[in-house]
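Read the structure below first, then the notes.
What follows draws every value from the coordinates through simple rules; no lab data is involved. Keep in mind that what you see is a predicted model, and the values were worked out from it rather than measured. Quick reminder, even Gly has a Cβ in these numbers, built from the backbone with ideal geometry, and neighbours come from all protein chains shown.
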Amino acid sequence: MPSNEPDKNAAPPLPEPLRVPVADSHTHLDMQSGTVEEGLAKAASVGVTTVVQVGCDVRGSRWAAETAALYDAVHATVALHPNEAPRIVHGDPDGWSRQGAREPENQGAARRASVEDGGGRRAGGTAALDEALTEIERLAALPQVKGVGETGLDFFRTGPEGKDAQEASFRAHIEIAKRYGKALVIHDRDAHADVLRVLKEEGAPERTVFHCYSGDAEMAEVCARAGYFMSFAGNVTFKNAQNLRDALAVAPLELVLVETDAPFLTPVPYRGRPNAPYLIPVTVRAMAAVRGIDEDALATALAANTARAFGY
């Protein structure tokens with residue numbers, strides 16, 4: 001008997017377009033199906049006219065910068081993901097493997113910091129991390145690169161050895177963001193207190209964004225006092241995410257952003273299917289309901305906030 005269940009690999013349908021255009025403040029076009037042109041056109045057709053393409057390693061950061069140089073609708077951020085730092089230094093001690101970025105034809109050579117060695121990854125030590133950070137700094141100086149990230153701390157499966165590498169990398173990224181006047185885009189997983197501690201110790205950049213905000217209402221108030229932007233993703237629609245809705249309800253409107261983190265975190269009712277920037281309207285409408293405000297008013301604020309956060 002044929003199933004009436006939707007294909008989990010099928011792209012969700014186009015949502016009703018937003019009347020006020022917005023930006024996807026955090027996406028990974030390099031991990032999505034179809035061409036960049038197709039993804040941008042599909043997003044624009046529903047009112048998502050700008051995307052921030054986020055780098056997670058050297059190769060992906062180069063791709064982000066090159067893509068932003070080609071498309072007016074794309075701005076880039078560059079960084080080593082928190083899990084990338086221990087992978088480089090220690091040879092992937094905690095089981096992280098990078099979902100590959102699209103690699104431009106002129107970048108066929110693999111990064112020296114990620115040479116395959118007998119099925120594992122060669123530990124490069126701090127010298128390899130410094131080399132990677134030097135390239136991130138070079139990219140951060142480019143005009144189409146509007147932010148440094150995603151960087152931060154991810155303690156989901158990282159042991160003590162990896163945590164030290166993550167924190168060293170995070171501190172270096174903070175310094176790069178401040179040196180070039182770029183936004184800092186933070187990945188914070190199971191590490192709220194430590195992320196806030198490092199930001200306080202180092203001094204946060206003028207514009208700091210908590211991507212895929214994962215804290216509660218109390219943390220949102222801490223972020224608000226510090227002037228940190230909070231970017232909400234599709235998981236704000238998940239049944240078990242009341243803490244995110246509580247945070248969204250108390251976050252100052254002028255500090256709220258929206259993102260997909262595509263292809264991950266597809267909003268309800270399409271959870272589990274591929275995410276993409278064109279699904280931002282689904283999340284915007286859910287956020288408007290949580291805030292108890294008009295969809296157009298929220299979209300207007302989101303567009304202005306994202307432009308201010310990333311300086312475009």
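Points worth noting:
- Length available on full extension from Glu206 to Asp294: 0.36 nm per residue minus the Cα-Cα distance, which gives 28.7 nm.
- In this structure, the amide hydrogen of Gly47, modeled 1.01 Å from its nitrogen in the peptide plane, lies closer than 5 angstrom to those of Leu18, counting only residues at least 5 positions away or on a different chain.
- In the chain the longest region clear of GluC sites (Glu not before Pro) that are loop-assigned by DSSP and have at most 14 other C-beta atoms within 10 Å covers 207-312.
- Inter-label distance, Val250 to Asp190: 2.5 nm, where each label sits 7 Å from its Cα along the C-beta direction.
- Per-residue Karplus couplings for region 179-190, computed as 6.51 cos²θ - 1.76 cosθ + 1.60 with θ equal to phi - 60°, are listed in order as 4, 9, x, 9, 5, 9, 10, 9, 9, 10, 10, 6 Hz, Gly and Pro entered as x.
- Tally of Lys pairs whose C-alpha atoms are under 26 Å apart, taken over region 154-312, 8 or more apart or cross-chain: 5
- Summing Cβ point charges (Lys, Arg +1; Asp, Glu -1) relative to the Cα centre of the chain gives a dipole of roughly 180 debye.
- Using a simple spin-label model with pseudo-atoms 7 Å out from Cα toward Cβ, Leu14 and Val222 lie 4.3 nm apart.
- Annotation: amide H of Val78 within the under-5 Å range of Gly55, Gly147, Val148, Gly149, sequence separation 5 or more or interchain, hydrogens built in the peptide plane.
- Whole-angstrom gap from region 147-179 to region 265-312, using each part's C-alpha centre: 27
- Per-residue 3J(HN,Hα) values for region 242-255, derived from phi via the Karplus relation 6.51 cos²θ - 1.76 cosθ + 1.60 with θ = phi - 60°, read 4, 4, 5, 5, 5, 5, 4, 5, 9, 5, x, 4, 6, 10 Hz in sequence order (x marks Gly and Pro).
- GNM result for the chain, Cα springs below 10 Å: residue of Val22, Val222, Val48 fluctuating most strongly: Val222
- Normalised contact order of the chain, rounded percent, pairs of Cα under 8 Å and 6 or more residues apart: 21
- Antiparallel bridges, percent of DSSP beta bridges restricted to the chain (to nearest 5): 5
- The calculated 222 nm mean residue ellipticity attributable to helices in the chain amounts to -12500 deg cm²/dmol, summing -39500 (n - 2.57) over DSSP H runs of n ≥ 4 and dividing by all residues.
- Positive minus negative residues near Ala217 (Lys, Arg vs Asp, Glu; Cβ under 15 Å): -1
- Summarising the amide proton neighbourhood of Ala262: residues at separation of 5 or more, or on other chains, whose placed amide H is nearer than 5 Å comprise His28.
- Estimated inter-spin distance, Glu131 and Glu161, nm [label 7 Å along Cα→Cβ]: 2.0
- Per-pair calculated FRET efficiency, R0 = 25 Å: Ala41 and Leu142 via Cβ, rounded to 0.05: 0.50
- Residues Arg271, Arg225, Arg197, sorted so that the one with the fewest Cβ neighbours within 10 Å comes first: Arg225, Arg197, Arg271
- Couplings 3J(HN,Hα) for region 203-210, derived from phi with the Karplus relation 6.51 cos²θ - 1.76 cosθ + 1.60 (θ = phi - 60°), are x, 5, x, 4, 10, 10, 10, 8 Hz, where x marks Gly and Pro.
- Over the chain: Kirkwood hydrodynamic radius from C-alpha pairwise inverse distances, Å: 19.5
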